[in-house]
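Comments concern the structure below.
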Amino acid sequence: SAPVPLGSGSYYIGMAAWDLSVTVEELGPQAPPLKISVTSDLHIGGVILKVVEKSQIQRDWSDHALWWEQKQQWLLKPSWTLDKCGIHADARLCLTSQHKPLRLRLPSGITFRLRACFSSPVFRSVTGICKLLNIRHPEELSLLWPVEEKKRKKEKDVEEELYDITRAPLPSSEQFVDLANGMPAFFAEAAETEAVYKMLAVSQPAPAPETIAKLYRTTNITEKAHINSRWLDSSRSLLQQGVRENDKLILRFKYYTFHDIAPQADAVRVTQLYEQARWAVLLEETECTEEEMMVFAALQYHIGKVSLMEQFVTSCPAMEDLDSALQCLEVKMEGESSADDMLETMTAPELHDYLKIFRPKRLTLKGYKQYWFTFKETTISYFKSKEESCKEPIQQMSLKGCEVAPDVSVAGQKFCIRLLIPGPEGMNEVYLRCEHEQQYSRWMAACRLASKGKTLADSSFSSEVQSIQSFLAMQKTTPSTNTAQTDESINTHSLVSPRYQKKYKPKQLTPRILEAYQNVAQLSLTDAIQRFLQIWQALPDFGLAYVVVSQ
């Protein structure tokens with residue numbers, strides 16, 4: 001441009017204008033790029049303004065930004081100049097929306113079509129998605145590419161069900177979500193969207209055995225490492241990592257440390273965590289023993305059964321306030337209790353008896369051996385004899401979260417208690433043998449309460465003893481009755497992994513699953529899911545991830 005005189009012999013030389021090509025996504029894929037005249041000191045916001053004016057499209061452009069194709073980066077700072085960004089005439093820019101539709105598969109297997117942020121780092125995009133779905137602690141989750149399905153050419157016509165919620169506003173990471181009846185306001189707008197949210201917060205029915213067999217399963221460590229290589233980089237945006245509009249990704253829990261799980265506030269989070277744990281067991285991603293598989297199957301059966309019967313209850317602020325008020329009242333009343341009552345609670349009852357113990361997993365041919373047992377709070381300790389009970393015990397076993405099952409035959413005078421105790425190396429199997437019915441009733445009731453985290457001081461202890469004695473009395477009146485239950489409605493091959501589908505027939509699996517089911521049949525839906533997660537977390541392979549390292 002021509003020099004402009006400034007006086008005193010000085011001149012200002014203006015910057016030369018040049019043409020910049022910008023593709024506008026709204027004009028369609030076949031539309032040619034728009035050429036605008038710019039100077040190097042023009043800021044990014046000015047470029048967008050010029051492109052919008054030249055496109056002559058009347059719409060809301062607030063969600064749009066410039067994407068630099070050659071550099072694979074977003075130009076998100078409107079105050080930066082073209083010179084500062086390093087943009088020259090050969091740059092190919094695209095004016096595109098930052099939020100685009102994405103197909104997202106959740107741990108439960110449901111696929112949603114929703115709007116995700118393609119310009120923010122994946123960490124923030126996941127935060128926005130989790131806020132939309134009402135999942136707390138989004139830092140536990142991340143996105144990964146699905147495995148290519150090359151062997152399913154004949155099934156291309158079969159389309160999976162897709163739930164479109166692209167109309168839902170995607171909140172930013174700093175914004176709070178408005179809740180209505182315990183769910184995000186968007187889902188509470190209509191009965192259809194409310195039903196979709198219910199699918200998120202309630203466990204789905206057991207899949208068909210054919211479905212389990214068709215799903216991709218890792219067979220060795222190399223394949224497991226290959227799965228982990230598909231995680232997206234949390235520090236880069238979706239578009240930077242080759243994700244395009246309507247691509248399919250998987251949302252999964254990546255970091256196996258779960259903070260502050262509150263069933264009332266975490267209905268979706270707990271359900272999706274359970275679904276991921278269930279599929280990890282069914283697809284043999286996490287190794288478990290045959291006994292543990294039967295316990296998992298029994299819990300799946302119970303959770304599926306209770307999920308169908310229970311009404312969907314959402315957390316209500318008024319109910320939460322009522323709960324907190326009742327808790328405060330309970331504490332206040334406890335504070336006003338008499339000194340005798342306080343002394344009673346301080347001296348919780350205990351059990352002391354000679355029992356026999358047997359550990360079938362140990363490499364030994366020895367049978368039951370007698371020891372002196374004490375039951376305090378939720379812990380069993382045993383000693384060589386009553387006289388040595390003041391010394392250190394041979395072993396202590398905490399029964400919190402354990403599985404308790406009866407192994408009783410009144411006719412054969414067999415009164416055994418079967419315990420599956422979670423440990424660092426999986427479930428430890430222990431058998432306790434009592435001498436008579438009264439002893440069995442007391443210790444069985446204590447074990448059941450301890451598995452739920454309750455002590456002998458709990459008011460339900462005496463009623464638990466009475467119910468066990470009633471059960472034994474029924475066996476006396478009908479000694480020939482076969483206590484093994486049968487339930488034709490159990491689809492056993494939907495509850496175990498393919499390895500056990502091949503190994504056993506349904507008639508062989510049903511009594512074993514029902515035997516384990518007897519111990520969990522009284523659990524609520526929340527308690528059953530938490531029990532499943534506890535046993536899953538106790539498995540030796542839990543939380544292990546394999547990666548390929550090249551030298």
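The values are calculated or read from the model by the stated rules, or taken from the named source; none is laboratory data. Bear in mind that the values here come from a model prediction, so they are computed numbers and not experimental data. A quick note on method: Cβ atoms are made from the backbone with ideal geometry, for glycine too, and the neighbour counts reach across all protein chains shown. The area values use the complete protein model at the heavy-atom level, side chains included, leaving out ligands, DNA and RNA. Shrake-Rupley method; radii C 1.70, N 1.55, O 1.52, S 1.80 Å.
Structure notes:
- Matching residues in region 406-427 - criterion: being outside any strand (DSSP E or B) and among the β-branched types (Val, Ile, Thr): Val410
- Of all residues in region 239-269 being aromatic (Phe, Trp, Tyr) and surrounded by 15 or more Cβ atoms within 10 Å (Cβ to Cβ), the one that is farthest from the chain's Cα centre (by Cα): Phe258
- Flag if Pro184 is at pLDDT below 85, within 22 Å of the chain's Cα centre (by Cα) and exposed (fewer than 14 other Cβ atoms within 10 Å of the Cβ): no
- Flag if Leu144 is at pLDDT 95 or above and either within 21 Å of Arg236 (Cα to Cα) or surrounded by fewer than 19 Cβ atoms within 10 Å (Cβ to Cβ) (or both): no
- Residue match in region 287-306 (condition: modelled with pLDDT under 50 and either under 29 Å from the mean Cα position of the chain (by Cα) or in the same structural domain as Tyr371 (by the TED database) (or both)): no
- Hey, Gln501 out of contact with any Asp or Glu (no Cβ under 7 Å at 6 or more places or on another chain), at pLDDT below 85 and either surrounded by 12 or more Cβ atoms within 10 Å (Cβ to Cβ) or over 20 Å from Cys288 (Cα atoms) (or both) or not: no
- Applying a threshold of 6 Å to beta carbon distances and a minimum spacing of six or more residues, or different chains, the list of pairs starting in region 107-134 at a residue that is more than 17 Å from Ser234 (Cα to Cα) and outside any strand (DSSP E or B) and ending at one that is among the aliphatic types (A, V, I, L, M) and at pLDDT 90 or above reads Leu133/Val268; Asn134/Val268.
- Hey, Lys414 open to solvent by 10 Å² or more (accessible area, probe 1.4 Å), more than 38 Å from the chain's Cα centre (by Cα) and either closer than 27 Å to Ala538 by Cβ or not hydroxyl-bearing (Ser, Thr, Tyr) (or both) or not: yes
- Cβ-Cβ contacts under 7 Å between residues 6 or more apart (or on different chains), taken from a first residue in region 270-289 that is surrounded by 21 or more Cβ atoms within 10 Å (Cβ to Cβ) to a second residue that is β-branched (Val, Ile, Thr) and not in a loop (DSSP other than H, G, I, E, B), are listed as Val270/Ile529; Tyr274/Ile529; Leu282/Ile212; Cys288/Val281.
- Tally of residues being in a loop (DSSP other than H, G, I, E, B) and polar (S, T, N, Q) across region 84-106: 1
- Residue ID - nearest to the chain's Cα centre (by Cα), chosen from residues in region 428-441 that are part of a strand (DSSP E or B) and surrounded by 21 or more Cβ atoms within 10 Å (Cβ to Cβ): Leu432
- Selection of region 208-238 for residues being modelled with pLDDT of 90 or more and out of contact with any Ser or Thr (no Cβ under 7 Å at 6 or more places or on another chain) yields Arg230, Asp233, Ser235, Arg236.
- Test: residue in region 119-133 that is more than 21 Å from Ile36 (Cα to Cα) and more than 23 Å from the chain's Cα centre (by Cα): yes
- Matching residues, region 65-81, being in a loop (DSSP other than H, G, I, E, B) and closer than 15 Å to Gln98 by Cα: Glu69, Gln72, Leu76, Lys77, Pro78
- Among residues of region 403-431 that are on the phi > 0 side of the Ramachandran plot, those with a beta-carbon under 7 Å from a residue that is aliphatic (A, V, I, L, M) and open to solvent by less than 10 Å² (accessible area, probe 1.4 Å) at least six positions away or on a different chain give the pairs Gly426/Leu539.
- Selection of first residues in region 502-517 that are within 18 Å of Ala528 (Cα to Cα) and of second residues that are open to solvent by less than 90 Å² (accessible area, probe 1.4 Å) and outside any helix (DSSP H, G or I), restricted to Cβ pairs under 6 Å at least 6 apart or on distinct chains, gives the following pairs, ordered by first then second residue: Leu514/Gln485.
- Flag if Lys400 is in a loop (DSSP other than H, G, I, E, B), modelled with pLDDT under 90 and more than 25 Å from Val465 (Cβ to Cβ): no
- Lys84 over 22 Å from Leu239 (Cβ atoms) and open to solvent by 80 Å² or more (accessible area, probe 1.4 Å): no
Quick grid of which residues meet (1) open to solvent by 40 Å² or more (accessible area, probe 1.4 Å); (2) over 20 Å from Cys288 (Cβ atoms):
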site	(1), (2)
Gln508	yes, no
Ala521	no, yes
Ala528	no, no
Trp536	no, no
Val549	yes, yes
